[in-house]
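Encoded as structure tokens, the structure appears first; notes follow it.
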Amino acid sequence: MSSSDSYVPPKVWQWDTNAEGGKFANINRPVSGATFEKELSVGKHPLQLYSLATPNGIKVTIMLEELLALGKTAAEYDAWLINILEGEQFGTGFVAANPNSKIPALFDHSTTPPTRVFESGAILLYLAEKFNAFLPSDSGLRAECYSWLFWQMGSVPYLGGGFGHFYAYAPEKWEYPINRFTMEVKRQLDVLDQRLAGHRFLCGDEYTIADMANYPWYGGLVMGKLYEAAEFLDVQSYKNVLRWAEEIRQRPAVKRGNRVNRIWGDDDNYVAERHDAKDLD
């Protein structure tokens with residue numbers, strides 16, 4: 001873009017509903033809150049998840065399936081589909097679950113009143129503490145786990161809303177934002193690669209919620225599952241991330257969790273909603 005046709009921000013920004021906004025224009029808006037009445041369904045299990053199989057949603061279904069694999073029967077759950085591309089996150093019931101209108105959201109009906117938890121990292125931490133699993137008992141390692149969990153929460157918007165948007169979804173391709181966010185994503189991959197050079201998992205030898213949080217985003221990225229960008233980012237140079245991602249990908253619970261609340265893919269091995277373990281058989 002030359003200087004003669006560069007965008008000049010107005011003194012006060014106004015929402016232009018007619019502006020070309022790309023793939024997600026119909027669900028992006030500058031205000032919060034519900035736009036229509038719809039209560040959330042409630043199934044038979046104490047844990048009720050409302051989600052979609054985006055990387056943030058997959059974090060939680062992986063965690064729940066890992067807990068069940070450990071024999072934590074109280075982690076049985078219903079997973080209800082919230083199709084964000086259709087704007088279902090703006091129903092009154094879902095907004096009551098998450099005022100930020102983002103998936104995933106969880107209600108724990110084993111408490112009175114039911115406990116709501118929103119934000120994927122908060123849900124992982126809540127479940128880890130509730131079931132005393134996938135969170136190191138050693139205080140130093142637990143702090144390391146918290147650090148990598150919150151590193152992911154703080155870093156990934158540059159991958160999704162930054163790189164992913166401008167590289168894959170923006171109505172036009174602009175050199176500056178693509179270069180800016182590509183550089184940052186490669187820096188993040190290098191941070192992970194250096195950490196994993198000397199550690200099997202992010203917190204050492206123990207598989208934790210830090211791995212579950214990072215895997216759907218950065219593991220998905222290096223395995224070519226996000227934005228069709230693996231070649232563009234030269235992900236083969238991040239050998240330690242690739243090794244880590246492949247080990248996690250092979251876990252049976254990860255394979256199961258990856259199928260829940262998914263409504264797209266190359267085969268019919270997905271389940272839009274999960275209400276019983278046999279739904280994944």
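The values are calculated or read from the model by the stated rules, or taken from the named source; none is laboratory data. None of the values given here were measured: they were computed from a predicted structure. Cβ placement follows ideal geometry from the backbone for every residue including glycine, while neighbour counts extend to all protein chains displayed.
Assess whether S155 counts as being at pLDDT 95 or above, among the hydroxyl-bearing types (S, T, Y) and more than 28 Å from E76 (Cα to Cα).
Values: at pLDDT 95 or above: yes; among the hydroxyl-bearing types (S, T, Y): yes; more than 28 Å from E76 (Cα to Cα): yes.
Taking the combined requirement at face value, the residue satisfies it.
Against the list (1) in a helix (DSSP H, G or I); (2) not assigned by TED's automatic domain parsing to the domain that holds L189, the condition A143 fails is (2). Comparison of P177, P171, P216 shows that the only residue that is outside the structural domain of L70 (by TED's automatic domain parsing), at pLDDT below 95 and touching a helix residue (DSSP H, G or I) at 6+ places or on another chain (Cβ under 9 Å) is P171. Scanning the stretch 128-141 for residues that are hydrophobic (A, V, I, L, M, F, W, C) and farther than 16 Å from Q152 by Cβ yields F131, A133, L141. Within the stretch 14-29, residues that are over 19 Å from K102 (Cα atoms) have Cβ atoms under 6 Å from residues that are of a type outside the set (G, A, S) and at pLDDT below 85 in no pair, counting only partners at least 6 apart in sequence or on another chain.
Every residue, every condition in (1) in a helix (DSSP H, G or I); (2) under 23 Å from L233 (Cα atoms); (3) not hydrophobic (A, V, I, L, M, F, W, C), yes or no:
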residue: P113; (1), (2), (3): no, no, yes
residue: L127; (1), (2), (3): yes, no, no
residue: S137; (1), (2), (3): no, no, yes
residue: A168; (1), (2), (3): yes, yes, no
residue: P171; (1), (2), (3): no, yes, yes
residue: P177; (1), (2), (3): yes, yes, yes
residue: K186; (1), (2), (3): yes, yes, yes
residue: D190; (1), (2), (3): yes, yes, yes
residue: R195; (1), (2), (3): yes, yes, yes
